[in-house]
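Notes to accompany the following structure.
Taken together, the values in this text are just the output of simple stated rules run on the coordinates, not laboratory data. Every value quoted in this text rests on a predicted model; they were computed, and no experiment measured them. Every residue, glycine among them, receives a Cβ derived from its backbone with ideal geometry; neighbour counts consider all protein chains shown.
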Amino acid sequence: MFNHDLITIVLTSASGGHEDPFNWVFVLKHAINLVLLVGLLVYLLRKPFMAFLKKRKENITSEIDQAKKAIEEAKLKHEEYSAKLKNLESEINSLKDSIKKQGQLEKDELVTQAQNSSELIKKEVKDTVELETLRAKEELQNEVVNSSVKLAEKLIKEKTQSGSTTNAVDELVKIIEEGKWQQLQH
């Protein structure tokens, strides 16, 4: 690199010609080599190092921006959830009232249906009782008529032992059995 002899002469003349126990020549040579090496490294590595620093700065700036966005979004979410929490109690009360009203409406509807069903059942029971009563009356009338006819026939047969009156009695029994006597009554 440099001429070592020149450095040696300069350093020996500076020391006044006597030898110094410390080797300045050695230190100066290495210092010059170090300065040249650092200068060369700075010259060669300056652009990549600056690019690295610039890229690192951009990454850090980007991360800071993303963090700021995340903070802002978190603040907005916090405010939104805080507002929702404040409104939650009123929403719960509103839902309770709505459910109570709906339950009351359903209860009223069920009561109305039950009353209508009860009235319908009462009417059906009443109609059934009336119908069964009519049937029972008819059966009783038929039983009474049949018993009356048999009794009348027996009495007439006992009272009349002759053959000419038997025809009249048979005709009367026939009329009674056919139910024509009821038509005559009405």
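Testing the spin-label approximation: label points 7 Å from Cα along Cα→Cβ at residue 83 and residue 71. State their distance in nm.
The modelled label-to-label distance comes out at 2.2 nm.
Going by how many other beta carbons lie within 10 Å of each one, how would you line up 99, 32, fewest first?
99, 32
Multiplying the sequence separation of residue 30 and residue 56 by 0.36 nm and subtracting their Cα-Cα distance, what value in nm do you get?
Full extension of this stretch gives 5.9 nm more.
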